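Each reported figure results from applying straightforward, stated rules to the coordinates on display, with no laboratory input. The structure displayed is predicted, hence computed values, not measured ones. No Cβ is skipped: glycine too gets one built from the backbone with ideal geometry, and neighbour counts run over all protein chains shown.
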Amino acid sequence: MKYGILINEGPFTHQASDTAYHFTRAAIEKGHQVLRVFFYHDGVYNANALSEPQSDDRNIVKLWGDLAKEHKIDLVVCVAAGLRRGIKDQVLAEGFRISGLGQLTEIGMAADRLITFGD
Amino acid sequence: MSDEIQTEYDTAGVEKKFMFLNRKAPYGTIYALEMLETVLISAAFDQDVTLVFMDDGVYQLKKGCDTKAVNMKNFSATYKALGDYDISKLFVEKESMEARGLTQDDLIEVIYEDEDDDWAEKPAIHVKSRDEIAKLMEEQDVIISA
């Protein structure tokens, strides 16, 4: 099955990003395809390279970047939502790219299922 | 084996039913505004789009919104323009309206031109029951909710 993933909340404040991460990993391990992970609303904060969690806790930003590299997943941050929250190229973490909302619509069309992780 | 991450997908000829479910008030959180931005972009993809407003989302279509006192951009007029983007289905949940003491008279008017009926102007906003909306949800390919 082809999945699209939508993440609507930022790291740590909500568990949405963690759950999405575990879901994505599980789906891939089961042989499914994850066509894209789209970060919208506060979800754009998952791409903030300046995030510095406590050293004995998970680094959500890095986990996503590593997962993307390992399994060749397209991580997209919405440009409009990013701009108003200060997520721009100069703070963008590795593995993420900034693009438009059309990328979300595209994945709604291309995937079998679009799964939303939010509040 | 390609080292590239796939960033484009072939969606030629795909027409899916997209439902945008709006459950939040227009102000207080950004979800209403950002959902509207998503809807506007999606209009360019020629999909079968339905907007549903329930819970506090019904307030997004309420008449007479004045945001001066909170110094926020008033985006109420953007809903009226949806007809021009070929979005002709705005369904407001009856039970949510009743719980909030609202009737269709309290809502703005959104008009679209029906290309199958000689471009006749018709209202896009319809009040639907919770049951009707549940049935409609079953028919959707994609539901985006905020």
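Remarks
- Pairs spanning more than 20 Å between alpha-carbon atoms, out of B:17/B:89; B:68/B:128; A:2/A:88; B:16/B:94; A:88/B:68: B:68/B:128; A:2/A:88; B:16/B:94; A:88/B:68.
- Relative to the dominant Cα principal axis of chain B, helix B:31-42 is inclined by about 50°.
- Among A:100, A:31, A:43, the largest mean-square fluctuation in a Gaussian network model of chain A, built with springs joining Cα atoms closer than 10 Å, belongs to A:31.
- For the protein assembly as shown, the fraction of C-alpha pairs farther apart than 30 angstrom is 32 percent.
- Shielding of peptide B:31-44 by partners, expressed as the average count of other chain Cβ atoms within 10 Å per residue Cβ, is 4.
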